[in-house]
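Here the structure comes first, spelled out in C-alpha cells, and everything after it is commentary.
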Amino acid sequence: MYKQAFGNIIKKEQLKSCESLSHSELMLLEASKPFPGYDGQVSRKYYYLVLDGKKHLPLDAQIRLIQAIRIQLSVHIDICASEITLYNKFYQAFRICSGSPKIIDELVSHFMIYGLKFYKHQHIKPFISQIKVYKYFELEEIGTKVFKSINAPEFKYIQISDKLEWEEFELLVSSANQNDLFPGCDFALASLYSKEGIDDYIRVFSDKCTSEKVELFREFIYEILQKQLIK
C-alpha cells in the first residue's frame, strides 16, 4: 500500500549561523547536526532562511510562493515551509536542502521580489532548535503500520494510534536510546492528513535500520504505550 499526503515533521536539530551567504545581511542557519541521534555520516545539507517575525505568513501563502519560485527557476529545489525555535521563540523559516548554499543566493533574490523580510544576520554558535517542517510525503507500507519513504528509504515511519505530546515523545526516545536494539537512530514526530483526519507517526532515521529492526521498534513502542509508561 502507498500513501501520499501533506503533513509535518517535528524534531530537534543542532543549528548554527552560516557565513557563506552573499546576502551577508540576512540570517541563514545551517544544520550542523540535522539528525542529532544518528551516529553516521549525513550527505544532506539543510539550511534555514529565517523570516523576521514581524508579519505572519500563512502556510498556504508560503507554499504558493515556493511553487512560483520553482517555476521561475525551472528546476526542482527541495524547499519547505518550516518553523524553528530561536532565542526561545518560534520563527517562520524556509528550509532548503542543498549541497551548497550558493543556490540560496538566487533564492533570496526571488524571495525579495515578493517583499519578504528576513531576520538580520547574527553570529550564532551551535544550539539545539525544535523544528516543524511542512512537507509532502510519499510512503510505501513495508510491514504492519510500518512505512518507508519512497524517495529516501532510510526514513521509516511507524504509525501510532494517538498523538504524542513532545514531552511524552522525548520520554519514549530516551527509553529507545537505552535499548541496544536501536543504536544510532534519530527519531521525530510526524503527522499526515488523511480522509479520516490526521494520522500520527514516529519517524526513524538510520541507514542501518532494516525493516526487521523497525518492526522490533514498533513492538517496543506499542509495549511502552500499552503499559502506560508514557500515557
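What the table below lists for this structure:
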{"quantity": "Qualifying residue in region 147-157 (condition: β-branched (V, I, T), assigned by TED's automatic domain parsing to the domain that holds A188 and either within 18 Å of the chain's Cα centre (by Cα) or closer than 30 Å to D207 by Cβ (or both))", "calculated": "yes"}
{"quantity": "All strands (runs of 3 or more DSSP E) inside region 1-91 with 2 or more residues being within 21 Å of F111 (Cα to Cα) and of a type in the set (D, E)", "calculated": "78-86"}
{"quantity": "Top-ranked residue of region 109-129 - restricted to ones that are part of a strand (DSSP E or B) and of a type in the set (F, W, Y), ranked as modelled with the lowest pLDDT", "calculated": "F118"}
{"quantity": "Options Y38, Y119, Y87: the member that is closer than 28 Å to E165 by Cα and in contact with an Asp or Glu (Cβ under 8 Å, 6 or more places away or on another chain)", "calculated": "Y38"}
{"quantity": "Test: residue in region 2-24 that is over 30 Å from E196 (Cβ atoms) and free of Cβ contacts under 8 Å to residues at least 24 places away in the same chain", "calculated": "no"}
{"quantity": "Failed criterion for S32 (all others in (1) in contact with a Ser or Thr (Cβ under 8 Å, 6 or more places away or on another chain); (2) surrounded by fewer than 19 Cβ atoms within 10 Å (Cβ to Cβ) hold)", "calculated": "(1)"}
{"quantity": "Residue in region 44-66 that is surrounded by 12 or more Cβ atoms within 10 Å (Cβ to Cβ), without any contact (Cβ under 8 Å) to a residue 12 or more places away in the chain, outside the structural domain of F187 (by TED's automatic domain parsing) and of a type in the set (G, A, S) present", "calculated": "yes"}
{"quantity": "Test result for E106, assigned to a helix (DSSP H, G or I), touching a Leu at 6+ places or on another chain (Cβ under 9 Å) and either surrounded by fewer than 20 Cβ atoms within 10 Å (Cβ to Cβ) or free of Cβ contacts under 8 Å to residues at least 40 places away in the same chain (or both)", "calculated": "yes"}
{"quantity": "Selection from region 48-73 of residues that are charged (D, E, K, R) and out of contact with any Lys or Arg (no Cβ under 9 Å at 6 or more places or on another chain)", "calculated": "D60, R64, R70"}
{"quantity": "Which numbered condition I63 misses (of (1) among the β-branched types (V, I, T); (2) more than 25 Å from S20 (Cβ to Cβ); (3) out of contact with any strand residue (DSSP E or B) (no Cβ under 8 Å at 6 or more places or on another chain))", "calculated": "(3)"}
{"quantity": "Residue check, G37 over 16 Å from the mean Cα position of the chain (by Cα) and outside the structural domain of L216 (by TED's automatic domain parsing)", "calculated": "no"}
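A quick yes/no check of all residues on (1) out of contact with any helix residue (DSSP H, G or I) (no Cβ under 7 Å at 6 or more places or on another chain); (2) over 22 Å from S43 (Cα atoms); (3) part of a strand (DSSP E or B):
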site	(1), (2), (3)
E167	yes, yes, no
L171	yes, yes, no
S175	no, yes, no
F182	no, no, no
D200	yes, yes, yes
C209	yes, no, no
E212	yes, yes, no
R218	yes, yes, no
I221	no, yes, no
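The values are calculated or read from the model by the stated rules, or taken from the named source; none is laboratory data. All of these numbers come straight from a predicted model, not from anything done at the bench. Neighbour counts run over all protein chains shown; Cβ positions are idealised from the backbone, glycine included.
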